[in-house]
Structures are given as C-alpha cells and as structure tokens.
There are 2 protein chains.
Amino acid sequence: MSFPTVAVTLPEWVEALAPPGRVCVSDEEKMRLAVELSRQNVVHGTGGPFGAAVFERGSGRLVAAGVNSVVRLNNCTLHGEMVAFMMAQARLGCFSLKSAGTAYELVTSCEPCAMCLGATLWSGVSRVVCGATRDDALRLNFDEGPVFPESHAYLRARGIEIVLGVLRQEASAVLELYAARGGPIYNG
Amino acid sequence: MSFPTVAVTLPEWVEALAPPGRVCVSDEEKMRLAVELSRQNVVHGTGGPFGAAVFERGSGRLVAAGVNSVVRLNNCTLHGEMVAFMMAQARLGCFSLKSAGTAYELVTSCEPCAMCLGATLWSGVSRVVCGATRDDALRLNFDEGPVFPESHAYLRARGIEIVLGVLRQEASAVLELYAARGGPIYNG
C-alpha cells in the first residue's frame, strides 16, 4: 500500500464569510471575523471552536482563513492557525510570509497551542492577535500543550508582537457554545 | 480568488526506501531508517535534512514515513515529523493514534522543534525516539523554537516516553552534509 495524498481543504461555507481580499481595519474587526469563523465551524459541525485568519498589515486585506479541521479531515495537525498558514502560503506561493515582501499578522480566536505557537515562528508573521486565553480553553479541557511565559518571550525576542485578550468574551463564548453542544474534546 | 486545496505528498523515492509494513526491530534499526530518509531528502534535493517515521510498537511495523517538505511544497508546517503524522493518520483514518487500538511511536532524525513537539502530543503516539540533538541543529542555525526542559517534562507527565541521542552521530552527519551542500536554512 502506498502513501496517500493528504488534501487540506476549508469547508465550503468559509469563502462566503471570509473572501480573500476582504478588508478589516481594526484589531477588533479582524478578531470579529476570526471569532465568527470559530462560531460557524461549530454551527456547521465542521470542527472544533477555533478560527484564525492571516491579514496583510497596513492594508488589513485578508489573505487566508483557517478553521479547526482535526476531526473533519482526520488530521491532528489541522488547528485553525495551521490551516490559515497553509492557505496563506499556498496562495502567496512561499514557505515564509517574511519573504512575501509585506508584513503579515495572524489573528486567532484563541491563544495558540504549543504546535501553533511554533508554527507561528516558522510562518513569518510579525504579529499575533489572540482572543480567548489558554485558561478559557483549559476550562473546557482543551489542552494547550507545553506553552510557558518563556514561550511567548521567545517569539517576542525574535520580533513578533503578541497581543492578548482582544474580544476575549466573544471568543470564549464560542468555546462554551461548543461544550454546550457536546462537541468532542479531541485532545483532552 | 478562492482558497486552494493544499496537497501534502511525499517525494516518489520515499516509498521504495520506506514501504509501509516494513519491519524494524530495534531503536537503532528504526533510527537508521529515519536517518536514511533525512539523507536521501538531501541527496534528492527534495527538502531539509530531516526524516521521521511512525511505527507500531511491539511489531515494529512501519506505518508512515515523513521528510521535511517545507521548501518543496511551500509550506512552513511540513517538517518531517508533521508529514509522518499526517501520513499515519490518513492511512489509519483517525485523528489520534491513541484511538487506533495499538500503541505507536515516532522515530525522528532530530529532536522535534516546538511545533513538532506540540503535534507529538496531539498525535497520540506514546513514545518518541530522537537522533540528532537541538544543539546539533542550532549549530547549523536551524532554530528549534521555544522548547525548554519543561516542554519534554510536560509530554512525559502525559505518558509519552522520550528517548534522546539514538545514532546521534549518524543523524548529525546528515545535517553537516546539508550545510556542506549549501542547503537553505529556511527558518534560521
């Protein structure tokens, strides 16, 4: 038996909500989109309560969206942030957003887990904006993995700005919605 | 413009070297395969000097192989370990190797970076065997991201056994080979 092609796709509903090129100006507007991606992922039953987006800094143009796709695509690596990075790099044709000639930022409905924080460093974004906190996720038994205060400091020391707690309540409410619906905690 | 399908594939040469089902008994034999995957990835010019494999514990049957594919596929998330996890889960049709009814282990030619260590936790493997060390990678200016002694302790506390330094010299020699050939340091 040979090795498969692993195809990473977004659910169909994403494009109407988050068409590439859509402009969001403020951090709050960008986060509102990330949170809406997380909520619609729960409502459509297409994955865990996490959404993310990559924007061009300055223009605020949306480059790519991502939603948690672990269960839908049977792939433990497909957190919302990872999917957003993959989509952004596929669209721009580069393996680092640093080489794309513009500055980019990640906006995510929940603080990145250990995997996504590592990927953030490799992605080439220069800024990360987060909604719900690690504690909000932990309250639902979503483990965030080995992320320590030094982890954020490590990224900051490499020039990545990290902003925490933007629209935290709205973002956290989607985690609660997922729990209330009995959604699977796939990495508890 | 719509979102693409991101297709994750292995280079064609991998299957002949690492056919699924191949049995490796000892840690050294498993590591020899991971190191050979890393070396052939350099020799074929298909990516960075990193190879990984997922085995069934007990039987030693190979489930999946992975090689660093960051530059080849323009995707910062495709380290060797990540590709091996994706291939294993696609072959077994599950998002956690814990749910596959057997115990699995990751064998990797170099200590996992922060991203891959996080993914190791989500993958469901119960054991990780590493060749070259973080310091070996750093010597070539490959950053490993925010991995601290507590990071390994975090995984161990969750029942994951971590074995370091198996065939370290052989694994490290492939990193040197890559540097000697002037291979790109894509996350330096």
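The values are calculated or read from the model by the stated rules, or taken from the named source; none is laboratory data. The structure displayed is predicted, hence computed values, not measured ones. Positions of Cβ are backbone-derived with ideal geometry, glycine not excepted, and every protein chain shown enters the neighbour counts.
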>> Filter the stretch B:47-72 down to the residues that are closer than 27 Å to residue A:125 by Cβ and buried (at least 21 other Cβ atoms within 10 Å of the Cβ) and list them by number.
In response: B:47, B:48, B:49, B:50, B:52, B:66, B:67, B:68, B:69, B:70
> Do you know which residues across the stretch A:77-93 are at the interface with chain B (Cβ under 7 Å from one of its Cβ atoms) and either basic (Lys, Arg) or more than 22 Å from residue A:131 (Cα to Cα) (or both)?
Replying inline: A:89, A:90, A:91, A:93
>> Among the residues of the stretch B:137-165, what is the count of those that are out of contact with any Gly (no Cβ under 6 Å at 6 or more places or on another chain), part of a loop (DSSP other than H, G, I, E, B) and farther than 22 Å from residue A:146 by Cα?
In response: 1
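Listed here are the residues, each with its yes/no results for (1) modelled with pLDDT of 95 or more; (2) surrounded by fewer than 21 Cβ atoms within 10 Å (Cβ to Cβ); (3) more than 27 Å from residue B:155 (Cα to Cα).
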residue: A:91; (1), (2), (3): yes, yes, yes
residue: A:96; (1), (2), (3): yes, yes, yes
residue: A:121; (1), (2), (3): yes, no, no
residue: A:148; (1), (2), (3): yes, yes, no
residue: A:154; (1), (2), (3): yes, yes, no
> For the stretch A:38-50, how many residues are in contact (Cβ under 8 Å) with a residue 40 or more places away in the chain and assigned to a helix (DSSP H, G or I)?
Replying inline: 3
>> Can you pull out every residue in the stretch B:1-37 that is in a helix (DSSP H, G or I), at the interface with another protein chain (Cβ under 7 Å from one of its Cβ atoms) and more than 17 Å from the chain's Cα centre (by Cα)?
In response: none
>> Just to be sure I understand the filter: pairs with C-beta atoms under 7 Å, separated by 6 or more residues or on different chains, first member in the stretch B:147-165 and within 11 Å of chain A (Cβ to nearest Cβ), second member basic (Lys, Arg) and in a helix (DSSP H, G or I). Which pairs pass?
In response: B:147/B:134
>> Of everything in the stretch B:24-41, what is crowded, with 24+ Cβ neighbours inside 10 Å and of a type in the set (Val, Ile, Thr)? Give them in sequence order.
In response: B:35
> Of everything in the stretch B:125-136 that's surrounded by 18 or more Cβ atoms within 10 Å (Cβ to Cβ) and either out of contact with any strand residue (DSSP E or B) (no Cβ under 7 Å at 6 or more places or on another chain) or part of a helix (DSSP H, G or I) (or both), which residue is farthest from the other protein chains (Cβ to nearest Cβ)?
Replying inline: B:136
> residue B:53 passes all but one of (1) among the small types (Gly, Ala, Ser); (2) over 25 Å from residue A:87 (Cα atoms); (3) not in a strand (DSSP E or B); which number fails?
Replying inline: (3)
